[in-house]
Amino acid sequence: MTREEALNHPLVDELALFAGGDCGFFDKWRISRHLRSCSGCRAELEGFRAVQVLLRTSSNELPSGLQWDRLSEEMTANIHLGVEAGECVAPLRTPPMRMGWRAAIAMAGVSIALVGAWFLNPLPKQNGEVVMRPAKIELRTTSAGLELNEYGSTMVLLHGRGTTQQPAMIVSSPGSLRARYVDSDTGQITINNVYSE
């Protein structure tokens, strides 16, 4: 027998599956086609079929004193135990991270919103050139609280209602202000720090 002929022969386990009718459609077609021309494989197939007939006839002669239900329960328990042990030992495989189409659409929407905001809020221009306004920020204390004035807009950090006297103001560095208020009813001191850039 040449090497090419040996490669074309079905394996022994394939012949056993064919004898029991347990192989797939393609394998069944391939093996039956091979068996038409190969007497050696036909003889081996007949041997498997003879063993199969022998097992069927001898299964009727099994001892009846065995507790088949108990054996079945033990086998099922052992199978479950083996599956659980395999789950403990086998490494968990996590699927690779892929960005789905929903995330891609969300990212595209955010990008469009950012580009739109950029074009809707352009920098001020004068004679075609960008004009940067000088920073004009004022921090001062009033009887109401600390006041931040920037480009004509004012924000006031109010102090408690019970304070009747002007706060003590401390300027610690340029752009920062610290004020201390004393509540006349309780004597509690409130210290506010405001920083601007």
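Quick notes on this one:
- Segments classed as helices (runs of 4 or more DSSP H), wholly inside the range 1-83, with at least 2 members that are at pLDDT below 75: 3-8, 39-59
- Test: residue in the range 115-132 that is at pLDDT 80 or above and surrounded by 10 or more Cβ atoms within 10 Å (Cβ to Cβ): yes
The values are calculated or read from the model by the stated rules, or taken from the named source; none is laboratory data. What you are looking at is a predicted structure, and each value in this text was computed from that prediction instead of being measured. Here the Cβ is made from the backbone with ideal geometry for all residues, glycine too, and neighbour counts use every protein chain on show.
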